[in-house]
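This report concerns only the one structure given below.
Coordinate-derived values only; no laboratory data. Please read these numbers as outputs of a predicted model, since none were measured by experiment. As a convention, Cβ positions derive from the backbone with ideal geometry for all residues, glycine included, and neighbour counts pool all protein chains shown.
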């Protein structure tokens, strides 16, 4: 019996499980924001609806950038595991570049909306929209900061098991944000573009 | 020694192909959803198709990039993920359900509401 209630194999597995639990608490946050958005999406108070403000081609570019970023993060982790430092740095740079591109496009989208007078104060729909998309954007910004800290640590202390574990957690975080974006892309942007 | 190195390269390539395939699959699904949405394909089925595509991509990402379900037993991560997503779905779906009915039921004028309450009282507790 005690054999089945086994402790986790090592420190790595314990850390990863802990980080997963954090990600799952984030799932609840995003779930609540999605529910709020879906309830309020037609309450535009005479202002623009999602169909008026969505620019499908911009969103498609953002999505491709984030998917590519997630892929290069996975490749970076692979390169780290198989001791390929040169490839690792290239993939990390690509991950950072795609992530930054995504974030800048999102900030651009927000700026355009606010400049046109459609800020989060304009309607219940826009409040929910900014809260949902903005929360995801803040996560991306924190992820980019995290990646910079990791690269700094690599430069000062080199690669060890500790670093490999830390980078694994970052990759987990990054893939998770990609998954959240799939639902944003579908429920906010594609439903909006199709006028559903 | 050289054989060992070859095996390592092989393992690296296997992962690489797996990730590349996952990435390409995700791109294809994204494009189908995109062109489906802007060209209004699938008619009235469009919302369902978009949600199905998102679900498919969700599972691809979960398995390919997050390696879900590939951990050794006991599968604490898998159990936690299934449990939390179930809870999240309940929160989202039931919130939508309640709010929909609330909008429907909140149209009563005060007098109508009063009548309704009297009617309910007649039924007894």
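Before moving on, here are some points about what is shown:
- Taking the C-alpha atoms only, the angle from helix B:46-64 to the longest principal axis of chain B is near 40 degrees.
- Residue among B:33, B:108, B:11 with the largest mean-square fluctuation in a Gaussian network model of chain B, springs linking Cα atoms under 10 Å: B:108
- Residue by residue along B:33-43, Cβ atoms of other protein chains within 10 Å of the local Cβ number 5 on average.
- Fully extending the segment from residue B:41 to residue B:99 would add 17.9 nm, taking 0.36 nm per residue of separation and subtracting the current Cα-Cα distance.
- Angle in degrees between helix A:124-157 and the longest Cα principal axis of chain A, rounded to the nearest 10: 20
- Proxy reagent accessibility, fewest Cβ within 10 Å first, across A:51, A:42: A:42, A:51
- Mean per-residue shielding of peptide A:38-44 is 2, counting Cβ atoms of other chains within 10 Å of each Cβ.
- Partner shielding of A:181-188 amounts to 5, given as the average count of beta-carbon atoms from other chains within 10 Å of each residue beta-carbon.
- Per residue convex hull volume, Cα atoms of chain A, in Å³: 135
- Compared with the dominant principal axis of the Cα atoms in chain A, helix A:85-115 is inclined by about 20°.
- With the helix formula -39500 (n - 2.57) applied to DSSP H stretches of n ≥ 4, the protein assembly as shown reaches a computed 222 nm mean residue ellipticity of -27500 deg cm²/dmol.
- Whole-Å distance, taken between Cα centres, linking the range A:170-196 and the range A:47-97: 13
- Sorted ascending by nearby beta carbons within 10 Å, beginning with the fewest, A:136, B:107 become B:107, A:136.
- The residues A:111, A:81, when put in order of fewest to most other Cβ atoms within 10 Å, stand as A:111, A:81.
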